[in-house]
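See below for the structure under consideration.
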Amino acid sequence: MSLFEKSKTSSAQPTKSAAKVKTGKGALGAPLLPQVDLLPAEIRAGRGFARVKRMLAGVVVLALLSAGGMYLFVQDQNTRADDHLANAQDTATRLAREKAQYGEVTAVLAAINQTQTARMLGMATEVSWKSYLDAITAVLPDDVTITMFEVTNGSPTAPLVAGADPLSTPGVGTVVFVAHSPTLPKASDWLDGLESIPGFSDPTLQESRVDAVDAEPYYEVTSTIQVGAEALAGRTFGLEGGSN
């Protein structure tokens, strides 16, 4: 073999770095013929890079789809929140209109409450004096005439009234009356009769003196009585102004 033929033969054989020889067995167990991968390394690297680019493109697409889904979800939540806010504002506006319609009713009710409060304060120390005057007349002797009847009432700010006698118990009121009697009354019977009236306490005989009218002598007797809380009328008023 000539030198030229050796050189040609050696150049036709691939080197170990430029080609890969594949060996193995076939499907029937027969040995495969040797196969040589003659693709350059640059082409194989390019194909691998293309696969990587396809994978990255898929990841980017998935990320975009996820971002789009999140955006749609947030938009839906914002729309729902806006709807709730609009409904709440509509309700507030409607209630404000209704409140304006009933504003006059509220003012009337407030005036009624103020009137009731004033009546309750004004009547807190009310006593049915006519019935007590009749009760005093009933326990006095038949020939005794009351000529003066004076009442001192307590007030909501100062409900207790001191009696004429320092030893008497303060009450919601004090009664002072003057009576004419043709004879000198018996003090014990006089005081017992007054004290028997419910709501009265600590009766006293302040003064007894003799006077005359048309030469007819008589005794002028001055008495005081303390009025207790049991004598209060305790009336209440309803919305229609009636009292109980």
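Remarks
- Number of residues in segment 201-223 that are closer than 21 Å to Thr152 by Cα and either touching a helix residue (DSSP H, G or I) at 6+ places or on another chain (Cβ under 6 Å) or free of Cβ contacts under 8 Å to residues at least 12 places away in the same chain (or both): the value is 2.
- Qualifying residue in segment 208-223 (condition: buried (at least 17 other Cβ atoms within 10 Å of the Cβ) and under 60 Å from the mean Cα position of the chain (by Cα)): yes
No value in this document is a laboratory result; all are computed from the given coordinates. Keep in mind that this is a model prediction, so the values were computed, not measured. With ideal geometry, Cβ positions are generated from the backbone for all residues, glycine too; neighbour counts draw on all protein chains shown.
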